[in-house]
Amino acid sequence: MDSSVHLRLRGIVKKFGDFTALDGVSLDIMEGEFFTIVGPSGSGKSTLIRLLVGMDELTEGEIRLHDQRIDQTPANKRPTCMVFQSLALFPHMTVGQNIEFPLKLRKEAPEARRARAEELLDLLRLPLSYYDKRISQCSGGEKQRVALARALAFDPEILFFDEPLSALDYRLRKTLEKELKDLHARTGKTFVYITHSLEEAMVMSDRIAIMREGKFEQIAVADEIYSAPVSRFVAEFMGEVNLFALTAGASGAPESDVLTTRDGVRLESLSPGDRGLLMVRPEYMRFAEDGDVDFSISGKLHGEYALGSRIQYEIETKNGMVTVEKLREDRFTVTEGQDVTVGFDRDNTHFISEAT
Ligand code: ADP
Ligand code: MG
């Protein structure tokens, strides 16, 4: 086995009675990787992480840590594995006592414990004076940092996170996302992170796995998942998207009932007889007043929405609602109900083939 593979999952199945929560999951997580599993609520993310840390038993399959099989090893005997949850802090203890808890379990000397706790406070950018502070006096963000410091005090080979930021407000979440990414870089540890937030996944991860009904639908780097999703599900899960049904004629030329195609336009990814969906992210759509786009569609402006630095336009077309996004400074002047034509160029598209 490739020595840089840290965690290897093969054919993992988890059943609860008749219900299959995980339906054959395989994956290699590399040493030092920040690996994120994203998926809607109920798709099996927590079930998977519980198996990985040993909180539950799998029905089929195997888990290997480096070369060693660990799926039969009880949680407290696994050389790794700590799920970070702020809720698990001891509220009646100080910050220092919380961080030192794992070190005390290992019977380390008080001076060594204190020295390590101070190092970890520093790593998590908490003032040293916090050592004597009570958990109950810490803010939400500080508690998250203390919980992280304590998880690191266990010195696990891999850190597991199950939606640690989902209860925090937007600003704090944004800050901690960046701090987690930074912490990952500074510790060099392997992080396995679960979230239902695509944004969180995109900010932090090396690679992302998209989970759907107990299976991985796609595993790739963030950029690829965003720009080249393998299915409608992934495309729609990874943000706003326009999808148009498209087929290839006998000559391989694109044919569509909804789009007007400029003469001679070809798509490299299209072979004769293909059928599928042509995907365009809203930021690549534009208003085509002068017909200089490869593909276009007409409709009526339904609404205009300001999203901070960006503006979104929704256009009612025979393909349903089409979304166009522009930067605020490039605002396009249109009025509701106005007839418009919008379009895009082939270089900004991705073809999702529907194998028949
Ligand atoms: P996620 O974390 O992606 O939201 P979960 O892994 O918690 O999803 O749950 C996946 C599915 O497995 C859900 O349908 C859930 O109801 C079911 N499930 C999870 N744990 C149990 C259990 N202990 N008993 C029965 N069903 C469970
Ligand atoms: Mg969950």
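The values are calculated or read from the model by the stated rules, or taken from the named source; none is laboratory data. Keep in mind the model is a prediction, meaning the values are calculated, not measured. Because the Cβ atoms are built from the backbone with ideal geometry, glycine has one as well, and the counts that use them run over all protein chains shown. With ligands, DNA and RNA removed, areas are computed over all heavy atoms of the protein, side chains included. Shrake-Rupley method; radii C 1.70, N 1.55, O 1.52, S 1.80 Å.
Excluding residues fewer than 8 places away in the same chain, name every one of the lysines whose C-alpha is closer than 22 Å to that of residue 133. Qualifying lysines at Cα under 22 Å: 104, 143. For the chain, the relative contact order is 15 percent, taking Cα pairs closer than 8 Å that sit 6 or more residues apart in sequence and dividing their mean separation by the residue count. Looking at the calculated P(r) for the chain, what percent of the C-alpha pair distances fall above 38 Å? The proportion of pairs with Cα distances above 38 Å equals 33 percent.
Heavy atoms only, 1.4 Å probe, whole protein assembly: order 78, 116 by accessible area, highest first.
Working: 78 15, 116 75 Å².
Descending order: 116, 78.
Taking the Cα centroid of region 74-153 and of region 272-288, what is the distance between the two, rounded to the nearest whole Å? Distance between centres, Cα-based: 50 Å.
A probe of 1.4 angstrom, applied to the heavy atoms of all protein chains, finds residue 351 with accessible area near 20 square angstrom. Normalised by the number of residues in region 240-353, the average gap of Cα pairs under 8 Å and 6 or more apart makes the relative contact order 30 percent. For the chain, the longest principal axis of the alpha carbon atoms and the long axis of helix 140-153 meet at an angle near 60°. Taking all protein chains as present, what is the carbon and sulfur share of the accessible area of the chain, in % to the nearest whole number, probe 1.4 Å? Of all accessible area on the chain, carbon and sulfur atoms account for 46 percent.
Would you mind working out the magnitude of the charge dipole of the chain relative to its Cα centre, with +1 at each Lys and Arg C-beta and -1 at each Asp and Glu C-beta, to the nearest 20 Debye?
Its charge dipole is roughly 1800 debye.
Solvent exposure of residue 182, expressed as accessible area, is near 60 Å², computed with a probe of 1.4 Å over the protein chains only. The mean accessible area for residues of the chain, using a 1.4 Å probe and ignoring ligands and nucleic acids, is 49 Å² per residue.
Heavy-atom accessible area for residue 95, with the other protein chains in place and a 1.4 Å probe, reaches approximately 0 Å².
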